[in-house]
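To start, the structure under review is shown below, and the notes come after it.
The values are calculated or read from the model by the stated rules, or taken from the named source; none is laboratory data. Please read all numbers here as calculations on a predicted model, not as lab measurements. Glycine also receives a Cβ, built like all others from the backbone with ideal geometry; neighbour counts cover every protein chain displayed.
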Amino acid sequence: MKDYMDLEKLKVVKERKGFIAALDQSGGSTPKALENYGIKKDEYKNEDEMFDLVHKMRTRIITSPSFTSKHILGSILFYKTMESKVNGKYTADYLWEDKNIITFLKVDKGLANEEDNVKLMKPIPDLEEQLSVARQRHVFGTKMRSVILSANKEGIKKVVKQQFEFAKVICDNGLVPIIEPEVDINITDKESAEDILKETIVEELNNWNENDLIMFKFTIPTKENLYLDLYNYKCVVRVVALSGGYTTDLACKLLKKNDKMIASFSRALVQNIYAYQTDEEFDKALGDAIEKIYEASV
């Protein structure tokens, strides 16, 4: 463990029951997130207006009475969300001081074109700058996503190598990275891809400094408890799951079969909330999803 680590926040991540809310849609995924929320593209004129609307949506979510530390231990934020304010405080400070929820920053710049049946991350030229600002904003960790589209060993090795290289930079800058090598839920060789992914990650962990704390975010595996023994490595703080396009009910059903794996859902969390709902309707829909995801995580 590094001497700069916020031990109170680390204890929350390692020990608290609950899940991580992924509120980090960005760039190309923002219009779709707004559309799903009930806001059409003709309701904003430019990118600034689009991000204002998505920040209002996220503010409505995190200020909801149902969004509490009783069920949620952390939230993943987009850079603009981190740099925006909620009730007069920077988002991460509001979440920690008012809700006792820790934050992670999405640092990747999206996906490169497919090669070797994977999509690596695009370069992150401003990574050090992002990490510096994240520390100033009292963010605990980061998240970065790659995608695996087949059981191609060479491609998967490239994904894992890139993820761990970025993770080392993040650890050296005082944050805890969430490594997210998503396996597409629709591929026919999903189980084989996951086996190769696990094997490749273990190879990296065997040469990793145990003081550099990391987390993992995986597609819910076809083989139950596939990733459970990653907890044998002292550096692994928590293993979380993405919903990957599954509905809330199916994602929760599959997650329940995996011990010590908690949710870090995005679409499955917000699929039934809409801009036009009254506050009462909104809070109930969000609260119902939070309860289901929490129960699957504990």
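Here are some notes:
- Residue list for the range 83-97, filter: on the phi < 0 side of the Ramachandran plot and either assigned to a strand (DSSP E or B) or touching a helix residue (DSSP H, G or I) at 6+ places or on another chain (Cβ under 9 Å) (or both): Glu83, Ser84, Lys85, Val86, Lys89, Tyr90, Thr91, Ala92, Tyr94, Leu95, Trp96
Here's the yes/no breakdown for (1) more than 20 Å from Lys157 (Cα to Cα); (2) in a helix (DSSP H, G or I); (3) in contact with a strand residue (DSSP E or B) (Cβ under 7 Å, 6 or more places away or on another chain); (4) among the basic types (Lys, Arg):
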{"residue": "Ile201", "(1), (2), (3), (4)": "no, yes, no, no"}
{"residue": "Asn207", "(1), (2), (3), (4)": "no, no, no, no"}
{"residue": "Asn211", "(1), (2), (3), (4)": "yes, no, no, no"}
{"residue": "Glu224", "(1), (2), (3), (4)": "yes, no, no, no"}
{"residue": "Lys234", "(1), (2), (3), (4)": "yes, no, no, yes"}
{"residue": "Ile273", "(1), (2), (3), (4)": "yes, no, no, no"}
{"residue": "Gln277", "(1), (2), (3), (4)": "yes, no, no, no"}
{"residue": "Asp288", "(1), (2), (3), (4)": "yes, yes, no, no"}
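- Of the residues making up the range 102-157, those that are buried (at least 17 other Cβ atoms within 10 Å of the Cβ) and within 17 Å of Ile201 (Cβ to Cβ) number 14.
- Taken together, the criteria place Ile196 among residues that are buried (at least 19 other Cβ atoms within 10 Å of the Cβ), in contact (Cβ under 8 Å) with a residue 40 or more places away in the chain, in contact with a Lys or Arg (Cβ under 8 Å, 6 or more places away or on another chain) and not in a strand (DSSP E or B).
Residues are listed down the side, and each one gets a yes or a no for (1) of a type in the set (Asp, Glu); (2) at pLDDT 95 or above; (3) not in a loop (DSSP other than H, G, I, E, B):
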residue: Gln25; (1), (2), (3): no, no, no
residue: Ser29; (1), (2), (3): no, no, yes
residue: Lys32; (1), (2), (3): no, no, yes
residue: Glu35; (1), (2), (3): yes, no, yes
residue: Ile39; (1), (2), (3): no, yes, no
residue: Asp52; (1), (2), (3): yes, no, yes
residue: Ile61; (1), (2), (3): no, yes, yes
residue: Ser64; (1), (2), (3): no, yes, no
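- Lys161 vs. criteria assigned to a helix (DSSP H, G or I), touching a strand residue (DSSP E or B) at 6+ places or on another chain (Cβ under 9 Å) and surrounded by fewer than 18 Cβ atoms within 10 Å (Cβ to Cβ): no
- Pairs with Cβ under 6 Å, 6+ apart, first in the range 57-86 and in contact (Cβ under 8 Å) with a residue 40 or more places away in the chain and over 26 Å from Lys40 (Cβ atoms), second hydroxyl-bearing (Ser, Thr, Tyr) and crowded, with 22+ Cβ neighbours inside 10 Å: Ser75/Thr103; Met82/Thr91
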